[in-house]
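The values are calculated or read from the model by the stated rules, or taken from the named source; none is laboratory data. This is a predicted model, so every value here is computed, not measured. Neighbour counts are summed over all protein chains in view; Cβ atoms, including those assigned to glycine, are modelled from backbone coordinates with ideal geometry. Ligands, DNA and RNA are stripped out before the accessible areas are found, and what is left, the full protein with its side chains, is counted by its heavy atoms. Shrake-Rupley method; radii C 1.70, N 1.55, O 1.52, S 1.80 Å.
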Amino acid sequence: MNKDQLISAIGDIDESYIAEAHKNIHIKKHTLRPFDIAAAAMLCIAAPLPFGVAAGSETAYQALYTIAPPVAQTFKPVQRSCTDQGIRIEVISADISDGKASFCLSVQDMEADRIDETIDLYDSYFIHMPFDSVGHCSFSEFDPETKTAYFVVHIERMDGKAIKSGKTTFSVSQLLTHKKKTERYIDEIGLGDLPEISDTFHPDNINGWSDMESDEAHSTNCIKPSDTPLFYAADGAAVTGYGLVDGKLHIQMKYENRHETDNHGFISLMDSNGEQTYCRGVHFGEYEEYIFDVSPEELPQYRLFGEFVTAPPCINGNWSVTFKFED
């Protein structure tokens with residue numbers, strides 16, 4: 001949220017809530033940024049304002065939550081269910097036990113068959129509580145007859161104190177479903193007749209690596225991707241290059257639209273006894289380059305084995321529920 005959006009949002013907050021915020025804000029000097037201080041000051045001196053938070057303005061709520069979470073949660077209206085894109089999310093139960101909180105959610109498709117047992121929330125969920133907390137959401141089960149998936153969320157306070165009764169807001173923006181796992185030998189690549197690749201480059205946008213140091217990852221020669229896929233190892237998992245680079249086997253994969261599908265995979269070398277030799281690799285954009293530390297002379301005794309998880313684009317929406325925990 002930029003400064004203009006914050007100022008506009010603050011203009012939607014009722015004066016009585018500002019007074020309440022003024023009484024309840026506790027500023028920690030070591031965590032507050034200068035902009036936070038300015039925003040808090042604006043709240044304390046604001047003139048009479050409309051009732052944005054109570055009226056359900058999400059922008060006003062987010063602005064107030066940034067500055068004073070306890071106050072924002074106090075005035076967030078209880079709404080145990082929410083429907084968007086024809087999909088309904090509802091809080092089934094909420095409990096506190098031994099100072100820790102947990103609740104159960106249902107996710108039901110009211111219009112079609114977009115939900116199945118592979119559903120996850122794609123790390124798009126947020127838990128808003130009136131204190132610093134950590135939470136974990138896990139899939140529980142799926143009922144195909146009612147097209148309903150169930151999730152369980154566990155929450156703890158970061159300061160180790162017991163959670164007391166109060167309101168919690170849980171929001172979700174993406175649902176990923178109908179994931180497909182593919183396991184297969186990649187015999188399209190003949191390990192006894194591999195081309196020598198000289199057309200290589202150093203990617204500028206390396207965003208990860210495995211089994212190597214940062215300096216090595218950024219200096220690794222990678223294959224320049226082909227303009228079109230050489231072939232598909234699985235839906236959404238394209239092979240865009242392979243061969244020997246500096247005497248080592250490189251296989252390059254493009255996981256298409258991975259930010260909307262979470263398409264990903266892994267490749268290993270499998271011997272006749274089913275033993276696997278794993279690779280190192282670098283990740284850049286939608287690409288992954290798998291590198292095997294096996295001499296070219298030894299490669300013909302192996303077969304390439306791939307494991308891939310792909311999915312259609314996620315379902316985008318705006319689901320938010322607010323409910324009370326009771327001691």
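Taking the stated definitions as given, is PRO195 in contact with a Leu (Cβ under 9 Å, 6 or more places away or on another chain) and loosely packed, with under 13 Cβ neighbours inside 10 Å? Considered against the rule, which asks whether it is in contact with a Leu (Cβ under 9 Å, 6 or more places away or on another chain) and loosely packed, with under 13 Cβ neighbours inside 10 Å, PRO195 comes out as yes.
Listed residues ASP204, ASP211, ASP246; which is surrounded by fewer than 18 Cβ atoms within 10 Å (Cβ to Cβ), on the phi > 0 side of the Ramachandran plot and within 27 Å of the chain's Cα centre (by Cα)? Steps first, please.
On the way: ASP204 fails: on the phi > 0 side of the Ramachandran plot; ASP246 fails: within 27 Å of the chain's Cα centre (by Cα).
Criteria check complete, one pass: ASP211.
The single condition from (1) surrounded by 14 or more Cβ atoms within 10 Å (Cβ to Cβ); (2) touching a residue at least 60 places away in the same chain (Cβ under 8 Å); (3) more than 17 Å from PHE170 (Cα to Cα) that MET129 fails is (3). Take the conditions (1) modelled with pLDDT of 95 or more; (2) closer than 17 Å to GLY241 by Cβ; (3) not polar (S, T, N, Q); GLY285 misses just one of them, which is (1).
Have a look at THR277, THR310 and point out the one that is hydroxyl-bearing (Ser, Thr, Tyr) and closer than 30 Å to ARG88 by Cβ. Break it down into steps so the answer makes sense when it comes.
On the way: THR277 fails: closer than 30 Å to ARG88 by Cβ.
THR310 is the lone residue from the list that is hydroxyl-bearing (Ser, Thr, Tyr) and closer than 30 Å to ARG88 by Cβ.
Mind checking whether some residue in region 166-189 is open to solvent by 60 Å² or more (accessible area, probe 1.4 Å), among the basic types (Lys, Arg) and within 17 Å of the chain's Cα centre (by Cα)? Yes. Filtering region 249-260 to residues that are open to solvent by less than 10 Å² (accessible area, probe 1.4 Å) and under 20 Å from PRO313 (Cα atoms) leaves MET253, TYR255.
Can you spot a residue in region 270-280 that is part of a strand (DSSP E or B), at pLDDT 95 or above and either crowded, with 20+ Cβ neighbours inside 10 Å or in contact with a Cys (Cβ under 7 Å, 6 or more places away or on another chain) (or both)? No, region 270-280 has no match at all.
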